[in-house]
1. Would you please name the trypsin sites (Lys or Arg not before Pro) within the range 39-80 that are DSSP coil residues with at most 12 other C-beta atoms within 10 Å of their C-beta?
2. Determine the percent antiparallel among the DSSP beta bridges restricted to the range 23-345, to the nearest 5.
3. Angle, helix 172-181 long axis vs. longest principal axis of the chain, Cα atoms, 0 to 90°, nearest 10?
4. Under 17 Å between alpha carbons, and skipping anything fewer than 8 positions from residue 76 in its own chain: which aspartates and glutamates qualify?
5. Between the helical axis of 34-48 and the dominant principal axis of the chain, each derived from Cα atoms, what acute angle in degrees is found, rounded to the nearest 10?
6. Which GluC sites (Glu not before Pro) from the range 76-155 combine a DSSP loop assignment with at most 12 other Cβ atoms within 10 Å?
7. When the Cα centres of the range 199-249 and the range 256-327 are compared, how far apart do they sit, in Å?
8. Considering only protein heavy atoms, what per residue accessible area in square angstrom results for the range 23-345 with a 1.4 angstrom probe?
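The values are calculated or read from the model by the stated rules, or taken from the named source; none is laboratory data. Bear in mind that the values here come from a model prediction, so they are computed numbers and not experimental data. Cβ sites come from the backbone with ideal geometry, for glycine too, and all protein chains shown count toward neighbours. Surface areas here come from the heavy atoms of the whole protein model, side chains and all, with no ligands, DNA or RNA. Shrake-Rupley method; radii C 1.70, N 1.55, O 1.52, S 1.80 Å.
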Amino acid sequence: MSAAETRLHLSPSEFHRHLLERTVPKLRYEGDEVAAWQRRLRTRLCRLIGEWPARRVPLRSRRLWLRPHPLGTIEKVVFTAEPHCEVPAYVCLPAGAEPPYTFMICLQGHSTGMHVSIGAQREDETKPYTAPGDRDFAIGCMQREIAALCIEQRSLGERREQRQQALSPHGCHDATVQALMLGRTLIGERVYDVDRGIDYLASRGDADMNRLGVMGNSGGGTTALFAAALLKRLAFAMPSCYFCTFADSLMSIYHCADNYVPGLLQWAEMADVMGLFAPRPVVLVAGAEDPIFPIAGARKAYRQLQRIYRAAGAVDRCHLVVGQGGHRFYAEDAWPVMLEELARLGGKKGRGRN
Ligand SMILES: [Zn+2]
């Protein structure tokens, strides 16, 4: 017997890879009529991401502060997503634009929190903070005369675990596993917060409800992608450093627990999830050197997504922008593409520099 024949398969990843290679997602896009396929997969995905509250509680939004900014104004607010669950957020209004505003919902990933989006320190927002990798999303929006709603994601930033001792490096582990035991997922809960953020924008009266979008990087890209897939009120999306195949990213390289949706691969790959957004415009941003969402996987997933968009008659509305670096956002590469899409959307013009 050769050494290869006697080698034992002891690593769980070996078995899971074996299983993965034999798993054909049951609702993978195979050329069906797009809208009917989307209805089937969206219904399934809603179940997989876990339960949402049966009814929406009042938002009870209140202002914490309002400050002038060189690019406009920034207001800090808090609203109630569900009982015992409040969401801090910044509302950034560009000086050069008039209401109703085009709004981008901005989501940070595993960083110190949403303060990064406005380039301010978390503990003292009057002090500047230099956001690495173009992660000051709201500043990028205001520079282009787009309003921003920056939401703090569950278990990150100000919503990090502060009562129970958290031992995992990002603190999302406990929240994720508790959610699973309750029939939920952290992804589902974070998407719900985005939906409540849209409710909040509707309540303000200064948002153009036909021109709402979502963006985020890494863990913010995850939520942006699932929110786009599930929330019909979103008109455009710009997920960064997340779009890939599940097989080449989450199933091959370490990622923390809040990235996972139980059972999802039995039904869909990531391109299928993103395909639920077709024919609405999407700008996917990737890093050529991203070590945790490899570019080869992103390109492979993009080819499958193009197939869905083509079938929806909108292949020119899905874009892959590749920055020449690692796991980060690429503002100068991505925004010109998004601004062209915003100009095509109609309604109020989203004037802005490239
Ligand atoms: Zn995490």
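1. On the way: sites: 39, 40, 42, 44, 47, 55, 56, 60, 62, 63, 76; in loops: 55, 56, 60.
Loop-located and lightly packed - 55, 60.
2. Working: 23 of 47 bridges.
Given both bridge residues lie in the range 23-345, the antiparallel proportion sits at roughly 50 percent.
3. 70 degrees
4. 86, 123, 124, 125, 136, 152, 158, 193, 199, 206
5. 90 degrees
6. For GluC sites (Glu not before Pro) across the range 76-155 that sit outside H, G, I, E and B with at most 12 neighbouring Cβ atoms in 10 Å, the list reads 123.
7. The range 199-249 and the range 256-327 have Cα centres separated by 13 Å.
8. Working: 12860 Å² over 323 residues.
With all protein chains present, the range 23-345 gives 40 Å² per residue.
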